[in-house]
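K.L.:
One structure, as structure tokens, below. Some questions next.
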Amino acid sequence: VPPVQGAPGDGNDALARSMRLSLSANGIEMTDSAGPEIYRLQGQVTTAKADSKNEKLRLEWTLFDPSGSEMALLDQEGMVPQGLLDKPWGALAGEIVASTAIELSALIKQVGPKKKRP
């Protein structure tokens, strides 16, 4: 899970770090190397002013299979108070990625390499 792109403040690193932690907590092993059974996840954030008090946050997670082909695209969208994303994201990043990490973990486990039985 490389840093996310497009997030204000420390969001790029905070979202990637939270996603790695959440996937690990859901039984997905993390690695920094490439290999024949390695999936890659890429995140992209866009923000837009919604009204005088809120901004719209959109996050797209793209999952690539070991061959590099796009396997899944998960979208998240919500409103946050204006200026909140310019501050340290902290626990907000974890809250944002939690449900998506569960979906991604289930998908990877369903289609990922099967463990050989002795």
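K.L.:
Please give the net charge around Ala91, taking every other residue with its beta carbon less than 14 angstrom from that of Ala91, where Lys and Arg add +1 and Asp and Glu add -1. Before the final figure, lay out each step's value.
P.N.:
Details: positive: Arg17, Lys87; negative: Asp10, Glu95.
Combined, the nearby Lys, Arg, Asp and Glu give 0.
K.L.:
Still on this structure: Heavy atoms only, 1.4 Å probe, whole protein assembly: order Lys56, Lys49, Lys87 by accessible area, highest first.
P.N.:
Numbers: Lys56 85, Lys49 150, Lys87 120 Å².
The ordering from most to least exposed comes out as Lys49, Lys87, Lys56.
K.L.:
Pulled fully out, how much extra length does the chain show between Leu84 and Ala50, if you take 0.36 nm times their separation in residues and subtract their Cα-Cα distance?
P.N.:
10.9 nm
K.L.:
I would also like to ask the following. Sequence-distant or interchain residues sharing an amide H contact under 5 Å with Glu55, placed H: which?
P.N.:
Here Ala50, Val80, Gln82 satisfy the definition.
K.L.:
OK, next. Determine the order of Thr62, Thr31 by accessible area, beginning with the largest, at a probe radius of 1.4 Å.
P.N.:
I get Thr31, Thr62, largest accessible area first.
K.L.:
Also, I was wondering about something else. For Glu37, Glu60, give the ranking by accessible area with the largest first, probe 1.4 Å.
P.N.:
My answer, sorted largest first, is Glu37, Glu60.
K.L.:
Then there is this: Check which residues have an amide H placed less than 5 Å from Gly6's amide H, if you skip close sequence neighbours.
P.N.:
Amide H to amide H, under 5 Å and 5 or more residues apart or across chains, Gly6 pairs with Val45.
K.L.:
Would you mind estimating how fast the chain diffuses translationally, via Stokes-Einstein at 4 °C and 1.567 mPa s with the Kirkwood radius over Cα pairs, in µm²/s?
P.N.:
For the chosen part, D equals 86 µm²/s.
K.L.:
Give me the 1.4 Å probe accessible area per residue for region 5-118, excluding ligands and nucleic acids, in Å². Don't skip to the answer; put the middle values down first.
P.N.:
Values: 7160 Å² over 114 residues.
Here the per-residue accessible area is 63 Å².
K.L.:
Further question: Among Gln42, Gly68, Ala14, whose Cα lies farthest out toward the positive end of the dipole of the chain, if unit charges sit on the beta carbon of Lys, Arg (+1) and Asp, Glu (-1)?
P.N.:
In the chain, that residue is Gly68.
K.L.:
Put a dot 7 Å past each Cα toward the Cβ at Lys109 and Asp32; how far apart are the dots in nm?
P.N.:
About 2.8 nm, to one decimal.
K.L.:
As a test of the formula, what do you get for the chain when each DSSP H run with n ≥ 4 contributes -39,500 (n - 2.57) and the sum is divided by the residue count, at 222 nm and rounded to the nearest 500 deg cm²/dmol?
P.N.:
-10500 deg cm²/dmol
K.L.:
Give the carbon-plus-sulfur fraction of the accessible surface of region 1-66 in %, rounded to a whole number; probe 1.4 Å, heavy atoms of protein chains only. Numbers along the way, then the final one.
P.N.:
On the way: 1680 of 3690 Å².
Roughly 45 percent, rounded to a whole number.
K.L.:
Net charge within 9 Å of Thr46 by Cβ-Cβ distance, Lys/Arg positive one each and Asp/Glu negative one each, not counting Thr46 itself?
P.N.:
+1
The values are calculated or read from the model by the stated rules, or taken from the named source; none is laboratory data. These numbers come from a predicted model, not from an experiment. With ideal geometry, Cβ positions are generated from the backbone for all residues, glycine too; neighbour counts draw on all protein chains shown. The area values use the complete protein model at the heavy-atom level, side chains included, leaving out ligands, DNA and RNA. Shrake-Rupley method; radii C 1.70, N 1.55, O 1.52, S 1.80 Å.
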